[in-house]
Amino acid sequence: MEQIAAEALPKLNTFSGRNLANLVWSYATAQHRDLRLCQNMVQECCTRMSELGPQELPITLSSFAAISY
């Protein structure tokens, strides 16, 4: 999971809203919390809130809650 985070971090700004939601959901499903990735993902999601549609937003929020972030 650390390698995935290392590869994803510099590319987060190119991810679609769906990709952001899927990434945080995959970490929640694996019950893995990478604080640096979470911090950057929250920043990216806040910056691009309009790209998180009616499915992506609840998935993202519940996924962050599942990993206690």
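Side notes on the structure shown:
- Ordered from longest to shortest, the equivalent ellipsoid semi-axes for the chain are 16, 14, 10 Å, each the square root of 5 times a Cα gyration tensor eigenvalue.
- Within the accessible area of the chain (1.4 Å probe), percent carbon and sulfur: 55 percent
- Accessible heavy-atom area order of Arg48, Arg18, highest first, probe of 1.4 Å: Arg18, Arg48
- With each label modelled as a point 7 angstrom along the Cα→C-beta vector, the Gln31-Gln3 pair spans 2.3 nm.
- Label-zone membership for the stretch 32-69, site Arg18, 7 angstrom Cα→C-beta point, backbone N under 12 Å: 53, 55-56
- The residues of the stretch 2-69 present an accessible area of 61 Å² per residue when probed at 1.4 Å with all protein chains retained.
The values are calculated or read from the model by the stated rules, or taken from the named source; none is laboratory data. Keep in mind that this is a model prediction, so the values were computed, not measured. All Cβ positions, glycine included, derive from the backbone under ideal geometry; neighbour counts span all protein chains shown. What goes into the accessible areas is simple: the full protein's heavy atoms, side chains included, and nothing from ligands, DNA or RNA. Shrake-Rupley method; radii C 1.70, N 1.55, O 1.52, S 1.80 Å.
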